Amino acid sequence: MTLPPLPVLDVVPRIGGLTLPREVALYTCGITPYDATHLGHAHTYLTFDHLVRILTVTGGHVRHVQNVTDVDDPLLERAAATGVDWRELAASQVELFAADMAALRILPPDAWVGVVESIPLVVDAVARLLAAGAAYRLPASGDVYAAVEEDTSFHERLPVPAGDAVAMFAERGGDPERPGKRSPLDPLLWRAERPGEPAWEGGPLGRGRPGWHIECAAIAAHHLGGAPTITGGGSDLAFPHHHMSASHLRALGHGEGVLTMHAGMVSLDGEKMSKSRGNLEFVSRLLAGGADPAALRLALAGHHWRSDWEWHPADIEAARGRLDRWRAAAHATRPAGSGSPLARSIATALADDLDSPAALAAVDAWAGRVLAGDDEALSDAHAVAAVDALLGVDLQDRPRRRR
Ligand SMILES: [Zn+2]
């Protein structure tokens, strides 16, 4: 997808006060394809879509890589519980996720990489960690673990209170109590083959399958040429996932990224939306119920990416009203000249810590002025293109009818 052209905007994107480089290697953690795409996912990927858009429109260049964890315990457990082949489950959920992202006009990553196709990369990375003394094998099983104590900055960079780390690791897929590990926080790199589980040739590692954190480290290093400039995901990935992946990248000699961005969590009925709680609202369900995807996109964009927020079913109606006003304004415009105050206003808002609510407010103000007959707003040369390029909403699109 190419963005509609806009006049040059000399706006400098910053995140949390940090000026972003012009060349950005962006890595976003993708889905484990067994239950896609709830609104928490959608809000996270929308965040990085806004990031790609503001960087691109202001003259930067982004290479964006995203993984798909197309083999892992939760996927295998769901497949076993539902009697579906894990490969079929993964393929169907990947397809659904891609369709949801396309409906929301989330720009696709430059490379979308599955772990199954990346096994040789993971094997190579794990073998190098073993050779460097940064990993070890548990004798009985042959499973390979990273030795976190070998990483001199592991504890200093811990993004959670040290006293909480072991409990959080256990809650989020870790195995702190596994006998034989050197440290409770050592994460699994390679799981040796077990009866009834999928496994691949691992060369010196023996047959098995990858751990989760090394998957992202190996894919990022290969497809971005080193540590990502920006690593992104939901805030539940800060620890252990991003922390462990960053540690693996350091141990592999790939250095440090510049920034990790964690999008807030979305809750429903007072609880964080999560697979384990089952309180999920899905993009596909809302769209099948007749929601306009552009309105859903605006409903999500109305929340700042850093904040945790709660989804209310009425949000989609409010967003639909906003979208209708914007479309009416777009219909009334009489573009002239070359300036675009609206493009500048939206870009300025997004450049300031991706402030999407402020960007939406700027479009509201423009629409209000257009509908009030304000000449400057009516003649903005690039208003419609700016909303499309920066906010991913095509105002010339025909409104989608409710079923
Ligand atoms: Zn990841």
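The values are calculated or read from the model by the stated rules, or taken from the named source; none is laboratory data. Note that the structure is a prediction, hence the values are computed from the model and not measured. Cβ placement follows ideal geometry from the backbone for every residue including glycine, while neighbour counts extend to all protein chains displayed. Calculation scope for accessible area: heavy atoms of the full protein, side chains included, ligands and nucleic acids excluded. Shrake-Rupley method; radii C 1.70, N 1.55, O 1.52, S 1.80 Å.
At a glance:
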read-out	value
Pairs where the first residue, in segment 168-191, is within 25 Å of ILE219 (Cα to Cα) and the second is outside any loop (DSSP other than H, G, I, E, B) and among the basic types (Lys, Arg), C-beta under 6 Å, 6+ apart	ARG191/ARG209
HIS243 being under 22 Å from THR47 (Cβ atoms) and in contact with a helix residue (DSSP H, G or I) (Cβ under 6 Å, 6 or more places away or on another chain)	no
Verdict on GLY208 being open to solvent by less than 10 Å² (accessible area, probe 1.4 Å), out of contact with any Pro (no Cβ under 6 Å at 6 or more places or on another chain) and not hydrophobic (A, V, I, L, M, F, W, C)	yes
Test: residue in segment 263-273 that is touching a residue at least 12 places away in the same chain (Cβ under 8 Å), surrounded by 15 or more Cβ atoms within 10 Å (Cβ to Cβ), within 19 Å of the chain's Cα centre (by Cα) and within 16 Å of the ligand (Cβ to nearest atom)	yes
Flag for ALA80 being of a type in the set (A, V, I, L, M, F, W, C), more than 24 Å from GLY40 (Cα to Cα), open to solvent by 60 Å² or more (accessible area, probe 1.4 Å) and assigned by TED's automatic domain parsing to the domain that holds GLY203	yes
Matching residues in segment 114-137 - criterion: being under 28 Å from PHE97 (Cα atoms) and outside any helix (DSSP H, G or I)	GLY114, VAL115
Among (1) within 16 Å of the ligand (Cβ to nearest atom); (2) closer than 28 Å to LEU18 by Cα, the one test that LEU189 misses	(2)
Single residue of segment 274-317 satisfying the filter (open to solvent by 20 Å² or more (accessible area, probe 1.4 Å) and among the polar types (S, T, N, Q)) that is nearest to PRO74 (Cα to Cα)	SER276
Residue, nearest to ARG14 (Cα to Cα), within segment 336-348, restricted to residues that are at pLDDT 95 or above and open to solvent by 10 Å² or more (accessible area, probe 1.4 Å)	THR348
Residues (more than 16 Å from the ligand (Cβ to nearest atom) and polar (S, T, N, Q)) located in segment 1-56	THR2, THR19, THR37, THR56
Residues of segment 57-77 satisfying the condition of being surrounded by 18 or more Cβ atoms within 10 Å (Cβ to Cβ) and within 16 Å of the ligand (Cβ to nearest atom)	HIS64, VAL65, GLN66, ASN67, VAL68, THR69, ASP70, VAL71, ASP72, LEU75
From the options ALA227, ALA140, ALA165, ALA217, residue that is in a loop (DSSP other than H, G, I, E, B) and either of a type in the set (Ser, Thr, Tyr) or touching a Leu at 6+ places or on another chain (Cβ under 7 Å) (or both)	ALA227
Residue count, segment 215-237 (criterion: away from the ligand (no atom under 11 Å from the Cβ), open to solvent by 10 Å² or more (accessible area, probe 1.4 Å) and within 14 Å of the chain's Cα centre (by Cα))	2
In segment 199-214, the residues that are in a helix (DSSP H, G or I) and more than 13 Å from the ligand (Cβ to nearest atom)	GLY203, PRO204, LEU205
Meets criteria (at pLDDT 95 or above, open to solvent by 20 Å² or more (accessible area, probe 1.4 Å) and more than 30 Å from ALA294 (Cα to Cα)) for PRO139	no
Some residue of segment 20-40 being part of a helix (DSSP H, G or I) and touching a residue at least 40 places away in the same chain (Cβ under 8 Å)	yes
Test set (1) buried (at least 17 other Cβ atoms within 10 Å of the Cβ); (2) more than 12 Å from the ligand (Cβ to nearest atom); (3) in a loop (DSSP other than H, G, I, E, B) - PRO179 fails condition number	(1)
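Per-residue answers, yes or no, for (1) in a loop (DSSP other than H, G, I, E, B); (2) touching a strand residue (DSSP E or B) at 6+ places or on another chain (Cβ under 8 Å):
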| site | (1), (2) |
| --- | --- |
| VAL11 | yes, no |
| VAL52 | no, yes |
| VAL62 | no, yes |
| SER92 | no, no |
| LEU96 | no, no |
